[in-house]
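Here is the structure we will look at, set down as structure tokens.
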Amino acid sequence: MEKRVYEVWKGSNKFILGGRLIFGPDAKSLLVTILLITVPVIIFCVFVARHLRHAFSPYNAGYAVLVVAIVFTIYVLILLFLTSARDPGIIPRNSHPPEEEFRYESSVSAEAGGRQTPGLQFPRTKEVMVNGIPVRVKYCDTCMLYRPPRCSHCSICNNCVERFDHHCPWVGQCIGLRNYRYFFMFVSSATLLCIYVFSMSAVYIKVLMDDHRGTVWKAMQKSPPSVILMAYCFIALWFVGGLTGFHLYLIATNQTTYENFRFRADNRINVYNLGCLSNFLEVFCTTIKPSKNNFRAFVRETVPRPTLPSTQGAEAEDLGGDPRSKVEDDLDIGEDLLKISQRRNIEEIDEDIRSRGSNGPAHTALDIDSILDSDHRAPTIRSETRHSSWGRRSGSWEIAADDVLSNSKVTEGRSHVTPKEARQ
């Protein structure tokens with residue numbers, strides 16, 4: 001039965017409306033953010049803006065205070081929705097590692113009696129050129145791909161995200177290439193909304209002072225909600241205002257939050273800095289790239305391809321057996337390769353024994369047994385089906401039936417050699 005991409009998605013994201021909207025695993029925190037925005041605005045409209053409808057000339061000019069508060073709040077909520085409900089720039093994970101990067105190297109294994117076994121090596125990093133400067137990119141074991149420059153794997157969403165900035169718990173989503181613009185607009189707009197509510201609440205206190213010819217303290221006593229809103233907005237400004245200023249600096253220098261915190265002490269050259277003006281144009285005036293994922297597309301369940309040998313533990317459930325360690329899997333591959341190579345070695349030994357029996361010094365049965373019982377011993381045929389360390393049947397490594405018969409003839413010939421024949 002065919003399923004849609006979002007139904008078999010391996011990340012930690014949550015989908016609604018049939019995969020049309022994607023959220024992070026902590027999407028519930030989005031409700032807290034919405035309440036922190038809407039509740040103060042509702043209090044402002046009911047206890048402050050409503051009393052300012054006729055406080056300005058012309059007589060009904062005060063309605064603008066109420067309308068601006070409502071419209072601006074809706075605008076902030078839309079930006080919040082665009083930030084948290086869209087693909088931040090997730091790179092689709094591969095079903096198997098890039099096989100062109102594999103290379104084989106022989107290694108000596110103590111458990112294999114000191115013999116050399118072929119090991120599967122995989123480069124953990126490689127270099128790519130960015131603006132003429134080499135940049136090292138890392139391999140992601142989870143997504144089985146080399147991360148593009150400025151990409152990082154989010155441990156919360158379990159996805160590799162392009163131009164990863166950070167995972168924001170207040171919006172319940174990663175901030176990356178495709179939603180950073182909306183995130184900054186949301187934070188800066190929330191800052192302006194706080195300033196607006198704070199200012200209008202202070203204006204209402206001033207109006208009460210003028211109307212009753214009283215002090216600030218008496219005016220504050222007549223409108224406690226105004227005092228609460230001013231205190232709330234003052235505290236919120238330290239957070240959203242500071243965040244806005246910090247991201248203005250990041251945009252001006254073309255950095256991400258992740259890069260700033262991780263590489264700040266390394267004194268690295270910022271290869272992405274194009275100049276202050278170009279950096280702002282890159283964030284706000286370029287076309288947002290389309291998503292690389294079609295979450296509503298149909299997919300068929302396929303047999304899982306191999307994972308990196310460096311990944312700990314085999315997928316025991318898929319294999320239907322007990323999990324084996326990486327060393328055991330590598331030894332199995334080495335044993336399979338040795339079986340193939342030892343077929344020819346045994347045949348050569350057999351021919352050498354026969355030629356020496358006719359032209360060279362005599363060999364005893366004990367000598368022949370010691371030769372055949374050495375490291376070139378005929379391979380043992382296993383009856384059970386084995387799996388290689390790549391997670392698939394080692395069909396290409398199995399010994400054909402004809403080879404088994406030929407090897408068995410060598411063994412039978414050895415068992416029928418008598419001491420008398422050996423002396424002859």
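Annotation: residue 275 fulfils all but one of (1) open to solvent by 60 Å² or more (accessible area, probe 1.4 Å); (2) over 23 Å from residue 174 (Cβ atoms); the unmet one is (1). Screening residue 301 on (1) part of a loop (DSSP other than H, G, I, E, B); (2) among the acidic types (Asp, Glu); (3) modelled with pLDDT under 50 shows it passes everything except condition (3). Do we find that residue 50 is among the charged types (D, E, K, R), in contact with a Cys (Cβ under 7 Å, 6 or more places away or on another chain) and either more than 26 Å from residue 8 (Cβ to Cβ) or in a loop (DSSP other than H, G, I, E, B) (or both) in this structure? No: the conditions fail for residue 50. Take residue 280 and tell me if it is within 26 Å of the chain's Cα centre (by Cα), on the phi < 0 side of the Ramachandran plot and either open to solvent by 40 Å² or more (accessible area, probe 1.4 Å) or among the hydrophobic types (A, V, I, L, M, F, W, C) (or both). Considered against the rule, which asks whether it is within 26 Å of the chain's Cα centre (by Cα), on the phi < 0 side of the Ramachandran plot and either open to solvent by 40 Å² or more (accessible area, probe 1.4 Å) or among the hydrophobic types (A, V, I, L, M, F, W, C) (or both), residue 280 comes out as no. Among the residues here, residue 230 does not qualify as in a helix (DSSP H, G or I), open to solvent by less than 100 Å² (accessible area, probe 1.4 Å) and without any contact (Cβ under 8 Å) to a residue 24 or more places away in the chain.
For segment 233-247, taking the residues that are under 19 Å from residue 45 (Cα atoms) and of a type outside the set (Gly, Ala, Ser), the one that is least open to solvent (accessible area, probe 1.4 Å) is identified as 233.
Let's see how each residue does on (1) open to solvent by less than 40 Å² (accessible area, probe 1.4 Å); (2) at positive phi; (3) in contact (Cβ under 8 Å) with a residue 24 or more places away in the chain:
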site: 37; (1), (2), (3): yes, no, yes
site: 40; (1), (2), (3): yes, no, yes
site: 49; (1), (2), (3): yes, no, yes
site: 52; (1), (2), (3): yes, no, yes
site: 60; (1), (2), (3): no, no, no
site: 64; (1), (2), (3): no, no, no
site: 73; (1), (2), (3): yes, no, yes
site: 82; (1), (2), (3): no, no, yes
site: 88; (1), (2), (3): yes, no, yes
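Among the residues making up segment 248-259, a single one is of a type outside the set (Val, Ile, Thr), open to solvent by less than 10 Å² (accessible area, probe 1.4 Å) and at negative phi: 250. Determine, yes or no, whether residue 57 is assigned to a loop (DSSP other than H, G, I, E, B) and either closer than 18 Å to residue 19 by Cα or out of contact with any Lys or Arg (no Cβ under 8 Å at 6 or more places or on another chain) (or both). The answer is yes for residue 57. Is it true that some residue in segment 9-18 is part of a helix (DSSP H, G or I) and either modelled with pLDDT of 95 or more or surrounded by fewer than 17 Cβ atoms within 10 Å (Cβ to Cβ) (or both)? Scanning segment 9-18 turns up no residue that is part of a helix (DSSP H, G or I) and either modelled with pLDDT of 95 or more or surrounded by fewer than 17 Cβ atoms within 10 Å (Cβ to Cβ) (or both).
Of everything in segment 90-108 that is among the hydrophobic types (A, V, I, L, M, F, W, C) and at pLDDT below 85, the residue that is surrounded by the most Cβ atoms within 10 Å (Cβ to Cβ) is 102. Residue 198 - would you say it is buried (at least 19 other Cβ atoms within 10 Å of the Cβ), of a type in the set (Phe, Trp, Tyr), closer than 30 Å to residue 78 by Cβ and at pLDDT 90 or above? Taking the combined requirement at face value, the residue satisfies it.
If you go through segment 136-152 and pick out every residue that is open to solvent by less than 30 Å² (accessible area, probe 1.4 Å) and more than 13 Å from the chain's Cα centre (by Cα), you end up with 1.
The values are calculated or read from the model by the stated rules, or taken from the named source; none is laboratory data. None of these values were measured; they are calculated from a predicted model. Cβ sites come from the backbone with ideal geometry, for glycine too, and all protein chains shown count toward neighbours. Remember, those area values only see protein heavy atoms, side chains included, never the ligands or the DNA or RNA. Shrake-Rupley method; radii C 1.70, N 1.55, O 1.52, S 1.80 Å.
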